[in-house]
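The values are calculated or read from the model by the stated rules, or taken from the named source; none is laboratory data. All values derive from a computational prediction rather than experimental measurement. Don't worry about glycine lacking a Cβ; one is built from the backbone with ideal geometry, like all the others, and counts go over all protein chains shown. SASA here: full protein model, heavy atoms, side chains in, ligands and nucleic acids out. Shrake-Rupley method; radii C 1.70, N 1.55, O 1.52, S 1.80 Å.
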Amino acid sequence: MAKGVEYISPVDVISGIGTTGSWVTVDLSAYIPANAVAAIFDIYNASAAEVDFGVRAVGSTDSLLYSVEDVSHKMDFAKLNAAREFQFQQQTTGFEIWLVGYVPEGAGEFVTNVVDVTPGSDATWEDIDVGALVSDGTAGCAFFRFVGDPAAQVEVGLRMNGSTDTFLNDVRDDNAIGGVIGVDGSELCEGYSEDVSATTIQYLGCVYVEYCNFNTNATDYSTGTTGSWVTTDLTEIPVGESPGMAALLINNTGTGENYARLRRTGDTPAYGSQGDLTQFGFFVHGFDSSGQIDQIIEGTSHDLKLIGWWIEAASSSSSSSSSFSSSSSSSSRSSSSSSRSSSSSSASSCVPTVIEDIAVESSSSSSSSSHSSSSSSSSSSATPGTVTWGHHTGVVENYDENFTGNTTGWTVEGTPGNDNETIDATTCDVICVFERWYLGAGEAEILIDLYQTGSGPAPVIQFRTATTGAALAALSWQNYIPPSFTCLGWVQIRLVHV
């Protein structure tokens with residue numbers, strides 16, 4: 001299964017294209033798989049002059065070109081169309097666009113036209129509500145671009161909501177900086193601009209939370225060695241999640257411009273994300289199977305920071321042990337309505353699955369609690385309770401909720417508030433994430449198709465649990481193995497179609 005961002009051996013995708021002054025469409029189908037969502041670029045101005053340049057999605061009406069300093073690199077990102085194409089424009093030749101990675105199908109979403117999310121006040125860290133910009137999933141990290149003003153030099157920054165990091169960089173002379181940052185459980189990050197009238201912060205897209213593992217505060221992996229390559233072990237990345245792609249930041253705590261470069265350990269630095277860094281630069285870069293990356297710095301004032309990395313959403317190889325049949329539950333109610341088989345993914349690859357209803361129950365929640373039928377989430381309620389999604393008639397759980405508005409990732413069919421509402425999956429590995437739920441502490445069970453019969457192979461069921469709802473987003477998913485799991489109070493579940 002793919003990670004949220006996949007690494008490829010860097011390749012210059014505009015080599016030999018000499019067109020200047022107009023938008024050119026570039027086909028990436030020779031390098032990345034079908035249905036890829038977005039491309040990750042390292043843009044290098046190899047010329048001796050500062051030149052205007054830009055990338056955008058095919059079909060975009062964005063006309064913005066930004067200045068790239070001579071002999072320097074910038075990270076940037078672009079949405080891809082179904083043909084795996086994007087567009088670029090250069091005002092003179094001498095540019096290179098190194099394709100270094102991509103967002104695979106189902107792992108995230110990007111916009112065709114950028115969205116201005118510049119803060120409203122000068123020199124203040126302000127929330128950016130990424131969740132309000134996401135249509136098909138729950139964001140775990142977001143991609144941005146800072147664009148400066150030709151008449152000003154302005155400090156800008158990004159951090160996760162709740163972070164105490166204060167890394168700032170100058171944007172000037174119409175320059176641009178591409179960046180990526182994690183978001184919290186409410187899908188918020190924070191942006192900073194010293195002068196909001198002279199800076200634009202543009203939202204480009206996101207990778208969904210199930211594919212992300214981002215730090216609230218960046219972790220330091222600095223070296224004191226200058227002038228030679230140093231292999232750096234990103235120790236917090238589990239061996240099982242290597243190789244992969246990481247979001248990194250190089251912060252220059254000193255004054256003056258000094259180069260810094262990165263490469264995946266063992267690779268020839270054909271491009272080496274580099275540049276003269278006055279303060280900091282964001283980089284999206286590969287790490288090897290040992291979780292290692294190489295860095296070279298000109299001055300000891302350069303500090304390498306790990307912001308986060310991208311992971312696989314779920315492992316289909318575990319599906320045979322975690323697929324669920326309601327007949328294995330300890331529920332006292334009849335489970336004869338469920339005809340779903342608990343088969344392995346190899347026996348049921350890409351067969352459509354239809355879920356009629358799903359319930360989460362806990363022995364700590366009294367069955368005599370008052371029943372509430374609601375079309376909106378009650379997960380923020382101070383009163384814990386059991387819940388059923390997708391069914392309303394005759395349920396015995398404390399709450400019954402719609403699939404519509406409370407799940408993301410699978411197709412919702414039927415009418416909200418009606419028992420005919422279902423969630424459907426037809427594509428392998430597609431994930432359905434449910435709202436957070438305040439169940440109460442104790443042993444809990446998850447029941448699929450308790451009230452009506454669905455169809456297709458059983459999905460992989462995963463969960464995460466915490467004492468607070470806000471803490472869930474930072475946790476890894478665990479496979480649900482019947483008959484129960486220990487709920488710490490709050491729970492979130494997801495289904496993986498196999």
Using Cα centres only, tell me the gap between the range 205-235 and the range 1-75 in whole Å. 23
If R₀ is 25 angstrom, what is the calculated FRET efficiency for the pair Thr19 and Thr112, using the beta carbon separation as r and rounding to 0.05? 0.70
Per the Kirkwood formula on distinct C-alpha pairs, the Rh of the range 1-65 is how many angstrom? 14.3
If N is the residue count of the range 389-457, its Cα Rg over 2.2 N^0.38 Å rounds to 1.15
Whole-angstrom Cα spans of the range 63-105 along principal axes, big to small: 35, 21, 16
For the range 144-239, which GluC sites (Glu not before Pro) pass both filters: DSSP loop (anything but H, G, I, E, B) and at most 15 other C-beta atoms within 10 Å? Glu236
If I stretch the segment between Thr468 and Ala82 completely, what's the gain in nm (0.36 nm per residue apart, minus their alpha carbon distance), one decimal? 134.9 nm
Here, Ser121 and Glu50, labelled 7 Å along Cα→Cβ, have an inter-label distance in nm of 3.1
Quick check: at a probe of 1.4 Å, how many percent of the accessible area of the range 152-209 sits on carbon and sulfur atoms? 37
Please give the per residue accessible area of the range 1-148, computed with a probe of 1.4 Å over protein heavy atoms only, in Å². 36
